[in-house]
Amino acid sequence: MEKKKVVIALGGNALGKDVEEQKEAVAKTAKVIVDLAQQGLDIIVTHGNGPQVGMIQNAMDNLVVTHENYKQVPLPTSVAMSQGYIGIDLQNAIKYELYSRNIEGKVSTILSQVEVDKNDPAFENPTKPIGRFLTKEEAEENEANGVHCMEDAGRGYRVVVASPMPQRIRELETIKTLVNAGHIVITCGGGGIPVISENGKLVGVNAVIDKDNASSLLAAQLGADYLVILTAVEKVAINFGKENQEWLSDLTVEQAKEYIAEEQFAKGSMLPKIEAAIRFAESGEGRRTLITLLDKAAEGIAGKTGTVIHQ
Ligand SMILES: Nc1ncnc2c1ncn2[C@@H]1O[C@H](COP(=O)(O)OP(=O)(O)O)[C@@H](O)[C@H]1O
Ligand SMILES: NC(=O)OP(=O)(O)O
């Protein structure tokens, strides 16, 4: 019987806040991933990069200010760097976890480019928060210097960049080949390196693709059975953070669309996850998305917790 395929999208708390924390965080994340692999599932791992790509871009921009010989580093190059250092930490942590359990296992990281539409209206309307949280004063200073900032779901201000919809994963065939060869594959990190195709040449564009949207596309194109979005809440709620908050265990696409119309899910945090889940459910029969905490992934897949979104 063919193994079930699960695309696991890792949120910020699976990676930690800085390079040091990441080493500890990925060790814990690796245990969850290997637990699922031991259940006989084919695992494809994607991850966010909002804080990390902001940190890299900031460091690169500072070099230009402090050293006259440095040239500006484009945002897609910073996305590629984030894929590299997060991917290799995850890969090594998973490999070590397999070794500790005496399991023969193959793990690969595939740097991946994701094509976007150069006319996507998102280029005119930056919405993707990156980097650290800023004070109102810092945000205002950035705005004065032409760097867009926005309030991020009530948690403070952050720099925002364009986040076009992913259209095509260029390395899809490579990913399929490795999954079919039994690898745990880490890919589409940070939503993928955003590119457009110009006369056969892939050219990076200034954007950060939403990793939940890219994960949904990847899951659909791999014919996955499950998309698992691991984040900082055990379940999705309506009236989130209010007195009449209600946690949801099961959400149909139809209900989800109604809640979106009621603005139940915060833009830039829960909304893209729900939209990604809807697109995955609509891409093929029986396709389900689980949203839950990293620690609850196995329980969630067993149907004991989390929010499941389905047709
Ligand atoms: N309706 C909602 N139900 C649950 N969480 C919500 C809701 N609206 C907003 N959130 C917030 O969304 C957060 C998850 O988004 P985010 O932090 O961007 O994810 P990621 O884990 O991918 O970095 C949750 O931790 C929660 O604070
Ligand atoms: N690229 C991306 O969606 O990153 P975050 O999940 O960290 O926002």
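FYI, it's all coordinate maths here, none of it is from the lab. Remember, predicted model here, so these are calculated numbers, not experimental data. Don't worry about glycine lacking a Cβ; one is built from the backbone with ideal geometry, like all the others, and counts go over all protein chains shown.
By the count of neighbouring beta-carbon atoms within 10 Å, fewest first, PHE133, PHE123 end up ordered PHE133, PHE123. Amide H contacts under 5 Å for VAL228: VAL7, ILE8, ALA9, LEU290, restricted to partners 5 or more places along the chain or on a different chain, H placed in the peptide plane at 1.01 Å from N. Dipole check for the stretch 214-305: with +1 at the C-beta of Lys and Arg, -1 at the C-beta of Asp and Glu, and the Cα centre as origin, the magnitude is about 240 Debye. Look at SER100, SER163 and count the other Cβ atoms within 10 Å of each Cβ; fewest to most, that gives SER100, SER163. Here the residues CYS149, CYS188, ranked from fewest to most Cβ neighbours within 10 Å of their Cβ, fall in the order CYS149, CYS188.
With bins 10 Å wide beginning at 0, the percent of Cα pairs of the stretch 1-150 falling in each bin runs 9, 32, 31, 19, 8, 1, 0. Using the empirical formula 2.2 N^0.38 Å as the baseline, the Cα radius of gyration of the stretch 106-164 reaches a ratio of 1.43.
The chain gives an Rg/Rh value of 0.96, both radii derived from C-alpha positions and Rh following Kirkwood.
Can you tell me which of LYS31, LYS211, LYS128 moves the most in a GNM of the chain? Springs connect C-alpha atoms under 10 Å apart. Answer for the Gaussian network model of the chain: LYS31.
When peptides 57-64, 243-250, 155-162 are sorted by average Cβ neighbour count within 10 Å, with the highest value leading, the order is 155-162, 57-64, 243-250.
Lysine pairs in the stretch 235-311 whose alpha-carbon atoms fall under 15 angstrom of each other, counting only those eight or more residues apart or on distinct chains, come to 6.
Given the stretch 91-233, report the % of alpha carbon pairs whose separation exceeds 17 Å. Result: 68 percent of Cα pairs exceed 17 Å.
Taking every DSSP bridge with both residues inside the chain, close to 40 percent are antiparallel. Each of ILE260, VAL179, TYR226 was scored by the projection of its Cα onto the charge dipole of the stretch 153-280, and the greatest displacement toward the positive side belongs to VAL179; charges sit on the C-beta of Lys, Arg, Asp and Glu.
The Cα trace of the stretch 15-89 gives Rg and Dmax of 15.8, 54 Å, the first to one decimal, the second as a whole number.
For the stretch 1-62, applying the loop criterion from DSSP together with a ceiling of 10 other beta carbons within 10 Å to the GluC sites (Glu not before Pro) yields GLU2. Annotation for the stretch 75-123 versus the stretch 259-289: alpha-carbon center distance of 23 Å. For the options ALA139, ALA207, ALA281, a Gaussian network treatment of the chain with springs between C-alpha atoms closer than 10 Å singles out ALA139 as fluctuating the most.
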